[in-house]
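Everything on this sheet refers to the single structure shown next.
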Amino acid sequence: GVLLAARRRSVREFAEAKAQLRHAAGHDALTALMNRHGLQTAGPTLLALARRDARPVFAAFVDIDGLSTINNTYGHGAGDEAIQTVAAALVHAVREADIVSRWGGDEIVLVGIGEGPDAHRIEDAVREYAVRHTAVAGWDGQVSVGVTTLPSVDTTFDALILAADVAMYERRSVRRGVA
């Protein structure tokens, strides 16, 4: 009895620890969003679902403008707050079925099935949310967003993400008058 009960508890604890490690491997500790690894794992499934229904897929690449300046001027705590604010704003701005993930550093990626949201609308939503929910000095909630929508039958998940990244850099260049 006692050994069997101890063994069952040990197996249960091991299973729980394994589940926690699996979750940690796919999620970002700062934002609780899915991380790059988690998104790259989930992305092909999302693409397969879109293909099944012959629907397009979208990706939005979001870059936090001025994060290195915030970190250098006000400290990494302020930078972390800016990242958390953008993450929360994006979760509030998208549909429940869309995936919001921290790609790395100052980059957050949104993916989903259907037509992508308007880049300008995302930028406005983040700025409005930041004004109400953050006290990060010297930051106005400015982000650069690139959105792409592609036919699911003709793309790969990596190509979708790359196209959104390119769109973000093009949009930033146009906004800054560099193009």
query: Is there a residue in the stretch 114-137 that is touching a Pro at 6+ places or on another chain (Cβ under 6 Å) and either farther than 12 Å from Val62 by Cα or small (Gly, Ala, Ser) (or both)?
result: no
query: From the set of residues in the stretch 45-77 that are open to solvent by 80 Å² or more (accessible area, probe 1.4 Å) and either part of a helix (DSSP H, G or I) or in contact with a Phe, Trp or Tyr (Cβ under 6 Å, 6 or more places away or on another chain) (or both), which is farthest from Gly141 (Cα to Cα)?
result: Arg52
- prompt: Looking only at the stretch 54-90, which residues are more than 13 Å from the chain's Cα centre (by Cα) and of a type in the set (Val, Ile, Thr)?
  reply: Val57, Thr69, Ile70, Thr73
The stretch 69-97 residues that are closer than 18 Å to Arg36 by Cα, paired with ones that are aromatic (Phe, Trp, Tyr) (beta carbon under 9 Å, 6 or more apart): Val86/Tyr129; Ala88/Tyr129; Leu90/Tyr129
message: Based on this model, can you work out whether Thr41 counts as open to solvent by 20 Å² or more (accessible area, probe 1.4 Å), of a type in the set (S, T, N, Q) and over 16 Å from Ile161 (Cβ atoms)?
response: no
statement: Going through the stretch 94-143 in order, the residues found to be open to solvent by 20 Å² or more (accessible area, probe 1.4 Å) and small (Gly, Ala, Ser) are Ala97, Gly104, Gly105, Gly116, Ala125, Ala135, Ala137, Gly138
message: Looking at the stretch 32-49, I want the residues that are free of Cβ contacts under 8 Å to residues at least 40 places away in the same chain and have a partner that is in a helix (DSSP H, G or I) with Cβ atoms under 7 Å, at least 6 apart or on another chain. Which pairs are those?
response: His37/Ala25; His37/Gly26; Thr41/Gly26
- prompt: In the stretch 144-174, which residue that is small (Gly, Ala, Ser) and under 18 Å from Leu39 (Cβ atoms) is surrounded by the most Cβ atoms within 10 Å (Cβ to Cβ)?
  reply: Ala164
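The values are calculated or read from the model by the stated rules, or taken from the named source; none is laboratory data. If you're wondering where the values come from, they're calculated on a predicted model, not measured in any experiment. Please note: Cβ atoms are built from the backbone with ideal geometry, for glycine as well, and neighbour counts cover all protein chains shown. Ligands, DNA and RNA are stripped out before the accessible areas are found, and what is left, the full protein with its side chains, is counted by its heavy atoms. Shrake-Rupley method; radii C 1.70, N 1.55, O 1.52, S 1.80 Å.
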